[in-house]
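This report refers to the structure that appears directly beneath it.
Every read-out reported here was derived from the displayed coordinates using simple, explicitly stated rules and does not represent laboratory data. This structure is a prediction, so every number in the text was calculated from the model and none was measured. Using ideal geometry, Cβ is built from the backbone for each residue, glycine included, and neighbour counts are taken over all protein chains shown.
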Amino acid sequence: MSAEATNPATPGPVVPTAPRRRARPRLDLRRLGRAALLGPGARDRLPDAIGHVVDAHRAHHPDADLEPLRRAYVLAESSHRGQMRKSGEPYITHPLAVTLILAELGAETVTLTASLLHDTVEDTDVTLDQVRDEFGEEVRYLVDGVTKLEKVDYGAAAEPETFRKMLVATGNDVRVMSIKLADRLHNMRTLGVMRPEKQARIAKVTRDVLIPLAERLGVQALKTELEDLVFAILHPEEYAHTRELIAENAARADDPLTAIADETRAVLREADIPAEVLIRPRHFVSVHRVSRKRGQLRGADFGRLLVLVNEDADCYGVLGELHTCMTPVVSEFKDFIAVPKFNLYQSLHTAVARPDGQVAEVLIRTYQMHKVAEAGVVALGNPYAPPVTDEPGDGERADPTRPGWLSRLLDWQRAAPDPDTFWSTLREDLAQDREITVFRPDGGTLGLPEGATCVDAAYAQYGEDAHACIGARVNGRLATLSTVLRDGDTVQLLMGQDPASEPSREWLEHAHTPAARIAIQRWLATHATTETAPPPPSTASPDDAAPAATAQRTGRPDAHPTTPRSASASAIVDLPGASVRLARCCTPVPPDEVTGFAVRGGAVTVHRVECAAVARMKNAGRAEVGARWDEPTADGTTGCRVTLFAESFGRPHLLADLTEAIALEGAEIVSATVEPPSQQRVRHTYTLQLPDAALLPALMRAMRNVPGVYDVSRAQHPVSAS
């Protein structure tokens, strides 16, 4: 396959030349262009232009019927005849290159047939009915799945709606996305002929959508090259630096990976384990990531060893020999054979250290595992072919390749209200690249992205009925709905019986999955009209309007203006001439019952009678001084200062929500401190100035009502002056 066919004078990014995993036949686009212009040739022989495709296809499927490929090429060539790419090549070279990519990955004949035709309906006069009549319903479905929606019909929504259509089609047949990924790879290879701004736009969509989809479908061979191409366009300086590092390493005479590979071969020969040991150079993005992680790179950092064996048991035999005869780095061991990744990937990962301190990573897998690791769902052939079995079937075709993440994506995309929401949510969803499995008490399981909470589990299990969820048990213990779940947790969701149950707006803070967020947002939007409407415009002055606005925000229609005051409640003590101060340890306010104790300097400190300090001083023989509150001010209020502790679970935006609740109750924050989280619990300390001590109970209730806060109390021990 060629890297790029462009006009050398056309500015564009340098296309990555990352080392290939195996030798591949070069696709001569000039020769293909000439062959395409000369026509398909006789009906009884295959056109020369698809020779590369046929050779690659036969390598994986030696008994395949090639007649559909011949007919598909004839139709594609005649339909695209006269069309040229921006690179100056005949347009037919594009579907040929896309088809070769898929053929090398091992795609079966139906996929290759649809790949040759994938642009005919979009760019020529060929119709879907013609495709179905000539090639069958499966090919028609695949071609339709990758056909773009017209901008003239959808405007700016054409791109997101095309992806929505494509994902829905992928839900029924994953081969749709295989063709799209190969199509995007060839377009990215030839992107240098585009304007820089268009290159950047296409590269960003590739980075945000296509590369995560390639990762989730396990098509690593496409994903890694797409990553390098995007890297070259969006980060040209870092790409150039990485290319220099790779070139410098290639010029070195000694290669530690070669020495380790030779030693590994010797160890496995001695153990009589048939195996093939290869050196897999890292691609550009991988080298860049390793350099950022480790700093100065050494020779062994530029690649990894790949050990290929015949049987699963041999993988563990290789692992045992390497750990016995070499120095293993135990922390690097991962078993993705016993526990495959969510994208079908299986392999053993380990690392061994050389005496000079260099560490070589080693991948151990069977040949079949390697095929799936490279090609993902493409390597599985036709997932809809009837199983070879003597058992009677029900006539239904089941898709064994449809993973949980795709099912979840298809569920929430139906509820996305508009293209913008779908587009932004899709990118967020695809950015969550790890998956966990949690168990239900009934024995079922839920697949969720890493970081999901009990809120996400509720909507994954019950859909919109999760509005009635009132709590959860995680591993048998009561837990808040904001609790983050871990792989292997058992989750029991507690559901209320009220059919009018409604979700809390605060659940949005804990919703990690699009399905949960969209369901909650949709309910809130639907019921927004039932909330109190804002008052009509008034001719009153801005000062007159302020109390009404405050009352509306606090939810108390009869609330009085609550302008913070600097005045503090004052106490009177039975010690003439003594100055009086309120204790910081318990911050008494009216109408607390209080008592006083004389301290140095002729002052009396006033405490609440239930303060722990009072008991200590009385036990120590200190004499109490009578204390009581002074009369309130003329307007009936008594300003005061109080210190409150709030105990909460940690969550985003909690501090902002608490301070907003405090402000809405008319309190002024004098100082605030937040202690570092401990076991997901956070302790906040607020010193507050209230215009009226009577507002304290309502303030504490408002703070307790903030989601995540489970207790609010008055200060009972000394606090710092801050």
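Remind me, relative contact order of segment 434-525 in percent, using alpha carbon pairs under 8 angstrom and six or more residues apart?
This gives 33 percent for segment 434-525.
What Kirkwood hydrodynamic radius, in Å, does segment 246-309 give when the mean of 1/r is taken over all pairs of distinct Cα atoms and then inverted?
On the way: mean 1/r = 0.0778 Å⁻¹.
Evaluated on segment 246-309, it is 12.8 Å.
By DSSP, what percent of the beta bridges with both residues in segment 253-379 are antiparallel, rounded to the nearest 5?
Working: 16 of 21 bridges.
Roughly 75 percent of the DSSP beta bridges within segment 253-379 come out antiparallel.
Could you work out how far the C-alpha centroid of segment 259-308 sits from that of segment 696-716, in angstrom?
First find each Cα centre; the distance between them is then 58 Å.
Can you run the Rg to Rh ratio on segment 29-234? Use alpha carbon positions and the Kirkwood inverse-distance Rh.
Working: Rg = 16.3 Å, Rh = 17.3 Å.
Result for segment 29-234 is an Rg/Rh of 0.94.
Would segment 582-628 count as rounded, prolate or oblate if I go by the C-alpha gyration tensor, calling it rounded below 1.5 in a/c and otherwise prolate when a/b exceeds b/c, oblate otherwise?
Oblate, since a/c reaches 1.5 and b/c is not below a/b.
Please give the per residue volume of the convex hull enclosing the alpha carbon atoms of segment 214-355, rounded to a whole number of Å³.
Looking at segment 214-355, the number lands at 127 Å³ per residue.
By how many nm would the segment from A313 to L128 lengthen if fully extended, with 0.36 nm per residue of separation less the alpha-carbon distance?
Additional length available on full extension: 61.8 nm.
Sort I233, I669, I273, I662 by Cβ crowding within 10 Å, fewest neighbours at the top.
Placing the least packed residue first, the sequence is I669, I273, I662, I233.
Within straight cross-link reach of K180, meaning Cα distance under 12 Å, which aspartates and glutamates are found once same-chain residues fewer than 8 apart are removed?
D119, D144
Counting other beta carbons within 10 Å of each residue's own, what order do L696, L406, L448 fall into, fewest first?
Values: L696 22, L406 19, L448 27.
By the 10 Å Cβ count, ascending, the order reads L406, L696, L448.
Quick one: 3J(HN,Hα) in Hz for segment 281-289, Karplus 6.51/-1.76/1.60 with θ = phi - 60°, rounded, Gly and Pro as x.
For segment 281-289, the Karplus curve yields x, 6, 7, 4, 5, 5, 4, 4, 5 Hz.
Ranking L167, L66, L100 by Cβ neighbours within 10 Å, fewest first, what do you get? Show your work: numbers first, answer last.
Numbers: L167 21, L66 16, L100 26.
Exposure proxy ranking, most exposed first: L66, L167, L100.
Which of the lysines could be linked to K618 by a straight reach, that is with a Cα gap under 26 Å, when you skip same-chain ones fewer than 8 residues away?
Those lysines meeting the cut-off do not exist here.
Taking amide H atoms as placed 1.01 Å from N in the peptide plane, list the residues 5 or more away in sequence, or in a different chain, whose amide H sits under 5 Å from that of V329.
Counting only residues 5 or more places away or on other chains, the set is A351, V352, A353.
Which one of V168, A56, L112 is farthest out on the positive end of the charge dipole of segment 56-189, using unit charges on Cβ (Lys, Arg +1; Asp, Glu -1) and the Cα centre as origin?
Highest projection toward the positive end goes to A56.
Would you work out the relative contact order for segment 571-629, in percent, from Cα pairs under 8 angstrom that are 6 or more residues apart? Write out the running numbers ahead of the final one.
Working: 100 pairs, mean separation 25.4, N = 59.
The normalised contact order for segment 571-629 reaches 43 percent.
Taking the highest mean first, how do the peptides 175-183, 608-616 order by number of other beta carbon atoms within 10 angstrom per residue? Don't skip to the end; give the middle numbers.
Working: 175-183: 26.1, 608-616: 16.0.
The packing order, highest mean first, is 175-183, 608-616.
Among F439, P503, A466, which residue has its Cα positioned farthest towards the positive end of the charge dipole of segment 434-525, with +1 placed on the Cβ of Lys and Arg, -1 on the Cβ of Asp and Glu, and the dipole taken about the Cα centre?
Selected residue: F439.
Past the 32 Å Cα-Cα mark, which pairs from K165/K204; K148/K293; K165/K198?
K148/K293
Going through segment 295-351, which trypsin sites (Lys or Arg not before Pro) have at most 15 other Cβ atoms within 10 Å and a DSSP loop state?
Counting only loop positions with at most 15 other Cβ atoms within 10 Å, the trypsin sites (Lys or Arg not before Pro) in segment 295-351 are R298.
Using Cα pairs closer than 8 Å and at least 6 residues apart in sequence, work out the relative contact order for segment 213-346, in percent.
For segment 213-346, the relative contact order is 28 percent.
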